[in-house]
Amino acid sequence: MIDHDRLFKELLTTFFVEFLELFLPDIASTIDQNSIRFLPQEYLADLTSGEDKMIDLLVEVKQLGEDVGFLVHVEAQSYSQSDFARRMFFYFARLYQKYVQKIYPIVIFSFDEPRRSEPQSHSVELPGLKVLEFNFAAIQLNRLNWRDFLNQQNPVAAALMAKMQIAPADRPKVKAECLRILTTLRLDAAKTRLISGFVDTYLRLTKAEEQLFAEEIGKLDAVEQERVMEIRTSWGEQAERSLILRLLKRRVGEVPESLITQIESLPIEQLEALGEALLDFSSMADLENWLAHS
């Protein structure tokens, strides 16, 4: 199962300004970037389901030259839901009641199907009186053409192209283009892995597609090819470390942070050796002993 909420939250928290610049440039240009503050997790009672809802992202910002701030509420919706616009109003009302601040609501619709335009407003109207008209900014990825973002020097574009409208035959090319854009951004290693991991998660290629992907990479110039291969190698190692940590948790229980730090610093050869050795572990002592003698 893909943890859509976590992936999108990591992406938007890391590249919040770039996200606004890409999709909402008018609001992005008014924000004082030094004022951005990510608020703690908010849990709201979802009145439509009776369950608690964790708000995906809530950010306090100020406009340039203004002392009073406002909130930006972002929801990443990974499946189509008939009453979603109404639910967004409920979230807005609860947040507005709590913070008594202006709120700019944004939804990223990230599902593949259906491709019809999703509602982005909720209203209540009676004869002679419009009681309520609530609107939110909507970004529906499956209605955006990935080709329109090829020239965007933006990490969010490099990531979200993987979730846009893509013809099946274009999947290898889109993945190559996502990584090509990424090579031009000169991000640090952690941010590069975040984007490449996002792309790898949502554009998992078949063996046949991998061959076409390699052909697309071969069309790049030599420098770009080298950088793409470095990104893929780095992501592959990170994915392997994550897998080994998950397997260790299943074998010996929750791994202490001190041991995780040791594991993450292992060179790839020792990491592969640990992947084989852990199959014989039955306790945390086995892991500690292996690390002590590795």
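Any read-out appearing in this document is the output of simple, stated calculations on the displayed coordinates, not a laboratory observation. Computed from a predicted model, the values in this text were never measured in an experiment. Don't worry about glycine lacking a Cβ; one is built from the backbone with ideal geometry, like all the others, and counts go over all protein chains shown.
Apply 1/(1 + (r/R0)^6) to the Cβ-Cβ distance of Leu205 and Asp67, taking R0 = 45 Å, and write down the FRET efficiency to the nearest 0.05. Intermediate values should be presented prior to the final figure.
On the way: r = 50 Å, r/R0 = 1.12.
Efficiency for this residue pair is about 0.35.
Please list, by residue number, everything in the stretch 95-113 whose backbone N is under 15 Å from a paramagnetic label point 7 Å out along Cα→Cβ of Leu132. Counting only backbone N, you get 95-98.
Here is how the number arises for the chain: DSSP H runs of 4 or more residues each give -39500 (n - 2.57), the sum is divided by the residue count, and the result at 222 nm is -15000 deg cm²/dmol. By definition, a body whose alpha carbon gyration tensor gives a ≥ b ≥ c is prolate when a/c is 1.5 or more and a/b is larger than b/c, and the stretch 221-292 fits this prolate description. Computed about the Cα centre, the dipole magnitude for the stretch 221-292 is approximately 360 debye when only Lys and Arg (+1) and Asp and Glu (-1) carry charge, each at its Cβ. Taken along its principal axes, the alpha carbon cloud of the stretch 4-143 reaches lengths of 43, 37, 29 Å, longest axis first. When Rg and Dmax of the Cα atoms in Å is computed from the coordinates, the matching label among [x] 25.4, 87; [y] 20.1, 68; [z] 22.3, 80 is [z]. Here's the picture: charge each Lys and Arg Cβ at +1 and each Asp and Glu Cβ at -1 in the chain, and of Ile181, Trp146, Leu212 the one pushed furthest to the positive end of that dipole is Trp146.
Of the beta bridges in the chain, as assigned by DSSP with both residues counted there, near 60 percent are antiparallel. Residues whose amide H comes within less than 5 Å of that of Asp32, counting only those at least five positions distant or on another chain, are Lys62, Gln63, Leu64 (H built at 1.01 Å from N in the peptide plane).
Under unit Cβ charges (Lys, Arg +1; Asp, Glu -1), what dipole magnitude, rounded to 20 debye, does the stretch 1-119 have relative to its Cα centre? Numbers along the way, then the final one.
Numbers: 12 positive and 20 negative charges, 63 e Å.
The calculation lands at about 300 debye.
I'd like the orientation of helix 171-183 relative to the chain: the angle between its Cα long axis and the longest Cα principal axis, in ° from 0 to 90, rounded to 10. The angle comes out near 90 degrees. Counting only DSSP beta bridges whose two residues both lie in the stretch 4-143, roughly 65 percent are antiparallel. Restricting attention to the chain, lysine pairs at least eight places apart or on different chains and with alpha-carbon atoms under 16 angstrom apart total 11.
With +1 on each Lys and Arg Cβ and -1 on each Asp and Glu Cβ, and nothing else charged, work out how big the dipole of the chain is about its Cα centre, in Debye to the nearest 20. Before the final figure, lay out the partial values.
Working: 33 positive and 46 negative charges, 151 e Å.
Using Cβ point charges on Lys, Arg, Asp and Glu, the chain gives about 720 debye.
Compare the peptides 17-26, 96-105 by average per-residue count of other Cβ atoms within 10 angstrom and give them in order, highest first. The partial results should precede the final answer.
Numbers: 17-26: 17.4, 96-105: 13.2.
So the peptides 17-26, 96-105, ranked by packing, come out 17-26, 96-105.
Less than 5 angstrom separates the built amide H of Leu57 from those of Val74, all sequence-distant by 5 or more or on a different chain. Here the residues Ile260, Ile231, ranked from fewest to most Cβ neighbours within 10 Å of their Cβ, fall in the order Ile260, Ile231. Whole-Hz Karplus values for the stretch 70-85 come out as 9, 9, 10, 10, 10, 10, 9, 9, 9, 8, 7, 9, 5, 9, 5, 4 Hz, taken residue by residue from phi with 6.51 cos²θ - 1.76 cosθ + 1.60 and θ = phi - 60°; glycine and proline positions read x.
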